[in-house]
1. By how many nm would the segment from residue A:180 to residue A:15 lengthen if fully extended, with 0.36 nm per residue of separation less the alpha-carbon distance?
2. Across peptide A:15-25, what mean number of C-beta atoms from other chains lies inside 10 Å of a residue's C-beta?
3. Quantify how strongly other chains surround peptide B:14-20 by giving the mean number of their Cβ atoms within 10 Å of each of its Cβ atoms.
4. By count of other Cβ within 10 Å, fewest leading, how are B:162, A:109 ordered?
5. Compute the distance in nm between two label points, each set 7 Å from the Cα along the Cα-to-Cβ direction, one at residue B:168 and one at residue B:93.
6. Label residue A:218 and residue A:8 with points 7 Å out from Cα along Cα→Cβ: what is the distance between them in nm?
7. Expressed as an acute angle from 0 to 90° and rounded to the nearest 10, what is the orientation of the C-alpha long axis of helix B:2-20 relative to the principal long axis of chain B?
8. Sequence gap at least 6, Cα distance under 8 Å: using those rules, report the relative contact order of segment B:122-170 to the nearest whole percent.
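Just so it is clear, none of the values below were taken in a lab; they were calculated from the coordinates. What you see is a predicted model; the values in this text were computed from it and never measured. When we count neighbours, we look across all protein chains shown, and the Cβ atoms used for this are built from the backbone with ideal geometry, even at glycine.
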């Protein structure tokens, strides 16, 4: 009988199969004894949430503030003396409140103060014109009023994004009001946060992490928050700050919140700080 | 001659068996375990094991519980004497303030001809990066292509006759 395979070939095949089997068996034992069979998954924790939501019960359009139709004209003086205090900007009406010489005036479009006529306004600044020149006055947020005035040639030119924080923290007694632009500034500039406030991690005996304040830069917006060096942040908006993820989750969502309640530990006593974001 | 033939066949079969039967998925789980000890966790949607490669899709990278990056695909191709790891579309979390937010594709090569070195090739939103990781000397050198975008990272870089480069030890 003629053989299909040479005996030598069959021998090689047996050798190959046996070697492959041995290797497979070795890998199988290694996987069984030394290697894990399932993946390690990270379970996302819930981030900080607002404690309450603001509900407007009044009609959608708030009645416009009383307007003096009579144009106010005051001639002479410098644009630097005018401080923009408030802006009301609707589709059909633009009203601003300005301060000059210790007095406040309400102006509508076309009204003049010290010869500067109100042309238009956005939510952050107003445009005045005098003798074919236009001036942009930024809404008063800084104590240095000189920096708020920028002569402009085109009214529609948007101001370039400043690296300095805009907005202020207003102390309203028990409740502090934080300007939203300030929050937005720090929410997008982590390096700026690190320059102004130092946060150190504290490891507890239970393995939980706490976050303490190691320094606050004098004159920075953080100094006005009411927190001090040595304070330990316990929770923000009901969310316990006991892990990096919880802390970072709060930081990531901070630009979306409208109210902020923070529990801190100071001298072994807990206290609550409340803020409103406007 | 017969002896040589037998040895060659055994070497080829052993090599093929080692690569093809390697429990790549389980080895990846072991890597995850080791990374978890450093507080680094990887969440992936798909792990696909094949004869010579392992493909992982939609990976989220968590460091200390913080989602710092997402990776569209990681592909490891290995023949043992030559390995290629490609990482596609890395998006770093913008709130971390990192300079390069998007890294298009990164390639890491290892060859038995230079067993202590890894060759790195990265295409980031800032610049193209070519580099070498010396495993023996525990040194990394990344040569960064000169572009206007590297202005921001220049304080971290050094310069020599080849141009700007980043150097660190691990």
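1. 51.9 nm
2. Mean number of neighbouring Cβ atoms from other chains: 4.
3. Partner-chain Cβ atoms within 10 Å, mean over residues of B:14-20: 4.
4. B:162, A:109
5. 1.8 nm
6. 9.4 nm
7. Its long axis makes an angle of about 40 degrees.
8. Computed over segment B:122-170, the figure is 35 percent.
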